[in-house]
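> Got a structure for you, questions after.
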């Protein structure tokens, strides 16, 4: 992915991915939401396994759809090997 210009809205999100704490640079963060398990629905079958493997679930809160990313699928095995060195 090409690098983008950083500004006052740029943030680093700290994530726990398969036991590794990593920082991910994001354009902006508008809100941090703590979902209850009961609010998360399973991923719908979209017949596109290339992208659906990255979706852990969805939550519809106050008529706003939130897509939850499966962080364990975020890094490849090669990426994990680089973290171990």
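The values are calculated or read from the model by the stated rules, or taken from the named source; none is laboratory data. Keep in mind that this is a model prediction, so the values were computed, not measured. A quick note on method: Cβ atoms are made from the backbone with ideal geometry, for glycine too, and the neighbour counts reach across all protein chains shown.
> What single numbered condition from (1) part of a strand (DSSP E or B); (2) touching a helix residue (DSSP H, G or I) at 6+ places or on another chain (Cβ under 8 Å); (3) surrounded by 11 or more Cβ atoms within 10 Å (Cβ to Cβ) fails to hold for residue 13?
With respect to (1) part of a strand (DSSP E or B); (2) touching a helix residue (DSSP H, G or I) at 6+ places or on another chain (Cβ under 8 Å); (3) surrounded by 11 or more Cβ atoms within 10 Å (Cβ to Cβ), residue 13 is out only on (2).
> Limited to segment 35-53, what total is found for residues that are surrounded by 12 or more Cβ atoms within 10 Å (Cβ to Cβ), in a helix (DSSP H, G or I) and at pLDDT 90 or above?
Selection size over segment 35-53: 1.
> Could you list, ordered by first residue, the pairs with Cβ atoms under 9 Å in which the first is in segment 52-71 and in contact (Cβ under 8 Å) with a residue 60 or more places away in the chain and the second is part of a loop (DSSP other than H, G, I, E, B), at least 6 apart or interchain?
Pairs found: none.
> Can you tell me how many residues in segment 16-34 are touching a helix residue (DSSP H, G or I) at 6+ places or on another chain (Cβ under 9 Å) and exposed (fewer than 10 other Cβ atoms within 10 Å of the Cβ)?
Filtering segment 16-34 down to residues touching a helix residue (DSSP H, G or I) at 6+ places or on another chain (Cβ under 9 Å) leaves 16-18, 20, 22.
In the following step, the residues that additionally are exposed (fewer than 10 other Cβ atoms within 10 Å of the Cβ) were identified as none.
Within segment 16-34, residues that are touching a helix residue (DSSP H, G or I) at 6+ places or on another chain (Cβ under 9 Å) and exposed (fewer than 10 other Cβ atoms within 10 Å of the Cβ) number 0.
> Considering each of 29, 17 in turn, give the residue that is free of Cβ contacts under 8 Å to residues at least 24 places away in the same chain and under 14 Å from the mean Cα position of the chain (by Cα).
Numbers: 17 fails: free of Cβ contacts under 8 Å to residues at least 24 places away in the same chain.
Matching residue, one of 29, 17: 29.
> I'd like the full set of residues that are over 14 Å from the mean Cα position of the chain (by Cα) and either surrounded by 13 or more Cβ atoms within 10 Å (Cβ to Cβ) or assigned to a strand (DSSP E or B) (or both), limited to segment 60-85.
Passing the criteria: 60, 61, 64, 65, 79, 80, 83.
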